[in-house]
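Student: First the structure, which I've put down as structure tokens, then a few questions once you've had a look.
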Amino acid sequence: MRPEILAPAGTWEALDAAVKAGANAIYVGGSQFSARAYAGNFDQEELLKAIDYCHLFGVKLYMAVNTLLKPEEIFSLASYIEPFYKAGVDGIIVQDTGVIQVLRENYPDLPLHGSTQMSVSSEYGAALLKNMGFTRVVPARELSLSEVKTIKENVNIEIETFVHGAMCYAYSGKCLFSSFKGGRSGNRGRCAQPCRKCYEISTGQKNSEKSRKKTGEASEYIMSLKDMCTLGILPQLIDAGIDSFKIEGRMKNPSYVAATTDAYAKARDYWLKLKTDENTLADNARRMEKYNKFVEPLIKNMMDIYNRGGFYTGYYFTEKGPEMTEPKRPNHAGLRIGKVEKIAPPHVAIQLTETVTASDVLEIRDDKINSTGKDGKTVELTTNVNGASGQTIMLNGKEFKRIRAGQSVYRTRNNQLLAEIEKTILKPEKQLAAECFIEAKKDQPLKIKIVAADGTVAAETFGPVVEGAQKAPTEAEQLRQKMNKTGGTNVKLEPIHLELDDDIFIQMSEFNNLRREALNKFKQAIVDGYKR
């Protein structure tokens, strides 16, 4: 089984990035009822466009309606969903049982996915959702892999689990901290993330700052969890039969979405290839060795893109413990690339454990103290040279009183990686492969037929009647070149077959119009196949 890679998108740019990076499905929020109220989200026109764009490339789109609705809101739900239902949205992610009832009554064939906010934590909860008409369940993130497998083995329902991204300190769907502290309910999509704030660890006595330092009391991000990364254990998740791997991050930028989607798609495909490779078919240890070597650079890329004090593998193989938190820093920590070897003003010597390139943004900090970058306890530098692992590089320094030999150096922005993502994923146009047939017979209408590479969809268009040439006849190569002008259409025509009579003339402006009509008709035929 080939698990689905499910990518997040809070903006059109992020959705485009996910499609280009190889996502099999994307989840988004609309203008209402989404658990990420502060993501970009999509208005009706954008979401309808997004559904068609995803379907053009065979990518599914799931819509989050996963907040708890108020009584006055529930009455508008059916009409809100109707245009997306007709457009062929592939599933609705829900939490509220009232939402379930409305959608079942109005759209009985619309797939429903039980949000992790429903806190399904056993086979009995999953069976209940199955009996209510759900096609998929996202179990509570606190479950171990063996508990997820038990659900999969005992209930005939799709299982979707989180594999990467931010983790909530509280139990899935049960946090009221933001609501109590600031009047912004996480269950209404407006979480203020108070668990990412700095808190004073106190004995209960009102001590001065001086006495707190003396007794060891401090302000720390005691509830800020590290991000999840399961690239290292993805083979176990695949072999457990999980149907969909969900990447968290509807508020993340396109580069993050592209990088994470691409990494998990590559890791999944590589493991599945190893499982059929004759050289590793009966040798699991060798297979894992090759897999670990393959994903090592991918994990480092993920560290460069975004991490909170490192990664952990969620609850799949461990219960919550201190190793899951990063009390010193709640935001991007970067990748450790070396340490300060010596200070030689106006330079700082940095001994590298990772390769760096000119324009990388580095940060010198003490791992034992808070290092948010806002309290003067970090020093930021920009590289102006390239350096390989094992080398020592000299960088222009500043704030030398805050730098000591032995301090760790982290890269918080890898500009070469970002440029590579832009060049290979974000910038190129996503294209759909198709075959083209052009028929130009004298005294018959000009015909263009486009057929999907897999033969499932075809569209024909007819133009003006083809006439005999009075002067220079139209050549086959002329039509081939014109037909190949498909930039901006998301379609790549190859091969192009031509069947032309001799000594015919075709007006190129008319042919161009017919080409555009044929391409549009072909794309429309694809997306119409998803509509209800």
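Student: Among the numbered criteria (1) open to solvent by 50 Å² or more (accessible area, probe 1.4 Å); (2) without any contact (Cβ under 8 Å) to a residue 40 or more places away in the chain; (3) within 30 Å of Tyr85 (Cβ to Cβ), which one does Glu477 miss?
Tutor: If we test Glu477 against (1) open to solvent by 50 Å² or more (accessible area, probe 1.4 Å); (2) without any contact (Cβ under 8 Å) to a residue 40 or more places away in the chain; (3) within 30 Å of Tyr85 (Cβ to Cβ), just (3) comes out false.
Student: Right, here's the next one. Which count do you get for residues in the stretch 61-72 that are free of Cβ contacts under 8 Å to residues at least 40 places away in the same chain and crowded, with 19+ Cβ neighbours inside 10 Å?
Tutor: Total satisfying the criteria: 4.
Student: Exactly one condition in (1) open to solvent by less than 60 Å² (accessible area, probe 1.4 Å); (2) assigned to a helix (DSSP H, G or I) is not met by Ile450; state its number.
Tutor: The single condition Ile450 does not satisfy is (2).
Student: Mind checking which pairs have a first residue in the stretch 507-519 that is modelled with pLDDT of 95 or more and hydrophobic (A, V, I, L, M, F, W, C) and a second that is open to solvent by 20 Å² or more (accessible area, probe 1.4 Å) and part of a helix (DSSP H, G or I), Cβ under 9 Å, 6 or more apart or different chains?
Tutor: Met508/Gln478; Met508/Lys482; Phe511/Gln478; Phe511/Lys482
Student: Given the criteria at pLDDT 95 or above and either farther than 17 Å from Glu499 by Cβ or among the basic types (Lys, Arg) (or both), does Ala434 qualify?
Tutor: yes
Student: What about Leu56, is it under 17 Å from Ser185 (Cβ atoms) and either more than 18 Å from the chain's Cα centre (by Cα) or at pLDDT below 95 (or both)? Even if it seems obvious, please write down each step before you answer.
Tutor: Values: under 17 Å from Ser185 (Cβ atoms): no; either more than 18 Å from the chain's Cα centre (by Cα) or at pLDDT below 95 (or both): yes.
No, not satisfied.
Student: Within the stretch 489-507, count every residue that is surrounded by 14 or more Cβ atoms within 10 Å (Cβ to Cβ) and out of contact with any strand residue (DSSP E or B) (no Cβ under 8 Å at 6 or more places or on another chain).
Tutor: Count: 1.
Student: Here's a follow-up. Considering each residue of the stretch 406-424, count those that are open to solvent by 70 Å² or more (accessible area, probe 1.4 Å), in contact (Cβ under 8 Å) with a residue 40 or more places away in the chain and farther than 13 Å from Asp304 by Cα, and give that number.
Tutor: Residues that pass the stated criteria total 1.
Student: Which one of these does Asp528 not meet: (1) open to solvent by less than 80 Å² (accessible area, probe 1.4 Å); (2) free of Cβ contacts under 8 Å to residues at least 60 places away in the same chain; (3) farther than 30 Å from Glu82 by Cα; (4) charged (D, E, K, R)?
Tutor: (3)
Student: Given the conditions (1) more than 21 Å from Thr313 (Cα to Cα); (2) among the small types (Gly, Ala, Ser); (3) free of Cβ contacts under 8 Å to residues at least 12 places away in the same chain, and given that Gly186 satisfies all but one, which numbered condition is not satisfied?
Tutor: (3)
Student: Right, something else. Could you give every pair whose Cβ atoms fall below 7 Å, whose first residue belongs to the stretch 436-452 and is within 23 Å of Ala525 (Cα to Cα), and whose second residue is of a type in the set (Val, Ile, Thr) and open to solvent by 60 Å² or more (accessible area, probe 1.4 Å), counting only separations of at least 6 or pairs across chains?
Tutor: Pro445/Val465
Student: If you don't mind, there's one more thing I want to ask. Among all residue pairs at least 6 apart or on different chains, which show Cβ distances below 7 Å where the first residue, located in the stretch 225-243, is of a type in the set (D, E, K, R) and the second is part of a helix (DSSP H, G or I) and open to solvent by less than 10 Å² (accessible area, probe 1.4 Å)?
Tutor: Close Cβ pairs (under 7 Å, with a partner that is part of a helix (DSSP H, G or I) and open to solvent by less than 10 Å² (accessible area, probe 1.4 Å)) amount to Lys226/Met324.
Student: Suppose we keep only residues that are out of contact with any Leu (no Cβ under 9 Å at 6 or more places or on another chain) and small (Gly, Ala, Ser) within the stretch 4-17. Which one would you say is surrounded by the most Cβ atoms within 10 Å (Cβ to Cβ)?
Tutor: Ala14
Student: Scanning for something more than 23 Å from the chain's Cα centre (by Cα), hydroxyl-bearing (Ser, Thr, Tyr) and under 30 Å from Gln236 (Cβ atoms), does the stretch 304-318 turn up at least one residue?
Tutor: Checking the stretch 304-318: at least one residue is more than 23 Å from the chain's Cα centre (by Cα), hydroxyl-bearing (Ser, Thr, Tyr) and under 30 Å from Gln236 (Cβ atoms).
Student: Okay, moving on. Output the residues belonging to the stretch 453-474 that are open to solvent by less than 60 Å² (accessible area, probe 1.4 Å), closer than 16 Å to Lys521 by Cα and in a loop (DSSP other than H, G, I, E, B).
Tutor: Result: Gly455, Val457.
Student: Moving on. Hand me the list of strands (runs of 3 or more DSSP E) wholly inside the stretch 266-378 holding 1 or more residues that are open to solvent by 30 Å² or more (accessible area, probe 1.4 Å) and at pLDDT 90 or above.
Tutor: Numbers: elements: 335-344, 347-352, 361-365.
The strands (runs of 3 or more DSSP E) meeting that bar are 335-344, 347-352.
The values are calculated or read from the model by the stated rules, or taken from the named source; none is laboratory data. Every value quoted in this text rests on a predicted model; they were computed, and no experiment measured them. Neighbour counts are summed over all protein chains in view; Cβ atoms, including those assigned to glycine, are modelled from backbone coordinates with ideal geometry. Surface accessibility is based on the protein's heavy atoms, side chains included, excluding ligands, DNA and RNA. Shrake-Rupley method; radii C 1.70, N 1.55, O 1.52, S 1.80 Å.
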